[in-house]
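Only one structure is covered here, and it is reproduced in the block below.
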């Protein structure tokens, strides 16, 4: 489909402000007489706070208040950034309090000091004397699930947050295995990792002159934050106003309610004065969210020619101390497993999400699919080696096809560029020749090529509500103000929304001015930034609002020129007569007339919501060539490409940036990143950016990106998910390239030098 504005590479609306330092983040705003809060965190991982002596801290000059759980009246609340569900059985778990006396992780929030300045607050926080009753520390979810283990949350049997089982196919799973020529089993693991967004969590709250509670916060989900606050404090929702300024990244870490209830409790405790809570990087590691560590048990029954007849999956997901997104990630992994390579005879899945005494796991870019993809694509490679078949042929034979309808979710595949993505990745690597060239290598340095493919759902329908709002107002000169409930968090959505609006209205891109700050008092309702939903879901609202204001403009022109609206057109901000293409007036003149005509003055605006009841799968493939140093375990990426089917690419420059960032995250996930805990104490050992091995520019290869663009009919402009898919498959492809280079199958991420060295030594390569 031909577009004039959509698909063009415009610079981001916030680019200049961010690179020049003019962008104002939460910490740049502030209020008069701001106070500062410092959270006091537990020095045990599991147990009870028996007593807290706050006297020394309270005696310090500049300390205003010290709060413990006894001083907080808030109810327990859910923290997940999910839309509300009316069905109680599907609501998020309300297991969090602003402060607690039951410690569930090393660094749990047990008190907060409020002082005139940050230094005083920090110094005072160190003066609190805490007496604990310790309980056994549970870090291994399979251990935590055993009978007789202490309950991390009272009443949670075997510490299981949630579980699910499902199966589909024409026969029972064991019967299907019996009909298989080969049975292949594997156990694959991923580690907990941190988002490491540039801006840490920061929030301040105050009571305004109308006795309303204002919360300014770096979040992905302002409207959800407001709902949770109303629930936590048992107050009307209108009592709260949540403002989201420019956000310095989130990647899912800010798709949770982390600091906001405590900030509200603080301001209420000091008579409504503003109180700021700003996490350090070290606090962000333990006090925000992580990616779930997951263990996968996979069993596959295959035919001699590589067809999947039976597939079985068991998921054990490490939730950490609080439910956050609960079982939704493990459940999504099961659904993804079942549909990515549909078995001919039977599929069976069971999943468990388990509380442990670790930092809370929540949403992170790719939302569980990075973990299951690592397991699944590794398993496909292992099957192919066992059968002596080219893994790309096995993938092509079994992977999801156009027209497939998921029996679990009901999602039907109406566009699918996966075969083209895989072919492009193969061509990039010169796959067939490299497989031969790198066979049977010896020596200390060996090369290999690897591939992995993926699927990714767009947004969350039918599992969760998908509603979005948009408002457009025409100014007196014909330019437009666009207001969105959807949140810009660094992904470039404001730019794309502006392109969408301009495309549909019929004006140049520079006619659209979008408001970057979200304010629950004035922004249309939207559930926020997550699930690669914004261009697909919120884009529908933009298109609807743009169509409505375009129709109103043409109706105004119809009245002015005495022609039916259907005989008029709006192109490049000009009103045209369709019959001959004659320009009747420009939009600026029509707008001026609309505002100031003494007989028919009116403003032209649209304000809409849109409920999306569709979904679409995005697809892609990663190809990578690596060199592995056998003696050091170091892996160097020589070449890597991500090829995506995300439907219509709305802005190629922004799209490539999204892919680059996702690839970087996946490389870290695959090769270096892991949060390490002391098994005895539960203390995080590497909760800083020195000890936590996130890739730097020195570790970053050249990123190659390509797209195929089948038009997706359910997308507002033929588009579907792109934000999260780039973070899915690079780690899997790297694992398979290491296998090709060395003959060693590594089944746990990260595949860092230490782990590889140990595996190579165990396999006799060293």
### Check on residue 384, at pLDDT 95 or above, surrounded by fewer than 24 Cβ atoms within 10 Å (Cβ to Cβ) and not assigned by TED's automatic domain parsing to the domain that holds residue 725
yes
### Query
For the stretch 251-297, what are the residues that are in a strand (DSSP E or B) and either at pLDDT below 95 or surrounded by 22 or more Cβ atoms within 10 Å (Cβ to Cβ) (or both)?
256, 275, 276, 277, 290, 291, 293, 294, 296
### Query
Looking at this structure, is residue 676 without any contact (Cβ under 8 Å) to a residue 12 or more places away in the chain and closer than 25 Å to residue 744 by Cβ?
yes
#### Entry: Those residues of the stretch 88-122 which are part of a helix (DSSP H, G or I), modelled with pLDDT of 95 or more and out of contact with any strand residue (DSSP E or B) (no Cβ under 8 Å at 6 or more places or on another chain), in sequence order
119
### Query
Is there a residue being more than 26 Å from residue 292 (Cα to Cα) and assigned to a loop (DSSP other than H, G, I, E, B) anywhere in the stretch 649-672?
yes
### Query
What number of residues in the stretch 149-190 are touching a helix residue (DSSP H, G or I) at 6+ places or on another chain (Cβ under 8 Å), under 19 Å from residue 375 (Cβ atoms) and outside any strand (DSSP E or B)?
1
## Note on the structure
Of those in the stretch 123-145 that are in contact with a helix residue (DSSP H, G or I) (Cβ under 7 Å, 6 or more places away or on another chain) and part of a loop (DSSP other than H, G, I, E, B), the residue nearest to residue 405 (Cα to Cα) is 145
### Task
Scan the stretch 382-413 for residues that are over 19 Å from residue 424 (Cα atoms) and in a helix (DSSP H, G or I) and jot them down.
382, 383, 384, 385, 386, 387
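Per-residue answers, yes or no, for (1) farther than 17 Å from residue 106 by Cβ; (2) within 27 Å of the chain's Cα centre (by Cα); (3) touching a residue at least 24 places away in the same chain (Cβ under 8 Å); (4) not assigned by TED's automatic domain parsing to the domain that holds residue 352:
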site: 126; (1), (2), (3), (4): no, no, no, yes
site: 149; (1), (2), (3), (4): yes, no, no, no
site: 152; (1), (2), (3), (4): no, yes, yes, no
site: 165; (1), (2), (3), (4): yes, yes, yes, no
site: 168; (1), (2), (3), (4): yes, no, yes, no
site: 175; (1), (2), (3), (4): yes, no, yes, no
#### Entry: Subset tally (residues that are modelled with pLDDT of 95 or more and in a loop (DSSP other than H, G, I, E, B)) for the stretch 421-443
2
### Task
Grab the strands (runs of 3 or more DSSP E) fully contained in the stretch 561-611, keeping just those with 3 or more residues being within 19 Å of residue 501 (Cβ to Cβ) and within 44 Å of the chain's Cα centre (by Cα).
568-571, 605-611
### Message
With the requirement that a residue be over 28 Å from the mean Cα position of the chain (by Cα) and farther than 24 Å from residue 24 by Cβ, what does the stretch 460-502 give you?
### Response
474, 476, 477, 478
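Table: residues versus (1) under 30 Å from residue 532 (Cβ atoms); (2) in contact (Cβ under 8 Å) with a residue 12 or more places away in the chain.
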residue	(1), (2)
3	yes, yes
23	yes, yes
42	no, yes
59	no, no
62	no, yes
67	no, yes
73	no, yes
78	yes, yes
### Query
If residue 471 passes every condition in (1) outside the structural domain of residue 736 (by TED's automatic domain parsing); (2) out of contact with any strand residue (DSSP E or B) (no Cβ under 7 Å at 6 or more places or on another chain) but one, which one does it miss?
(2)
### Neighbours by Cβ (under 8 Å, 6+ apart or cross-chain): first from the stretch 434-458, assigned by TED's automatic domain parsing to the domain that holds residue 534; second surrounded by fewer than 24 Cβ atoms within 10 Å (Cβ to Cβ) and not in a helix (DSSP H, G or I)
none
### Query
Name the residues in the stretch 298-326 that are surrounded by fewer than 21 Cβ atoms within 10 Å (Cβ to Cβ) and part of a loop (DSSP other than H, G, I, E, B), would you?
303, 304, 305, 307
### Query
If you take just the strands (runs of 3 or more DSSP E) that sit entirely in the stretch 9-83, which of them hold at least 3 residues that are more than 27 Å from residue 199 (Cβ to Cβ)?
47-53, 63-68
### Task
Please find, within the stretch 80-99, the residue that is surrounded by the most Cβ atoms within 10 Å (Cβ to Cβ) out of those that are without any contact (Cβ under 8 Å) to a residue 40 or more places away in the chain and under 25 Å from residue 154 (Cβ atoms).
97
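The values are calculated or read from the model by the stated rules, or taken from the named source; none is laboratory data. All figures in this text were calculated on a predicted structure; none of them were measured in a lab. Reconstructed Cβ throughout: ideal geometry from the backbone, glycine too, with neighbour counts over all protein chains shown.
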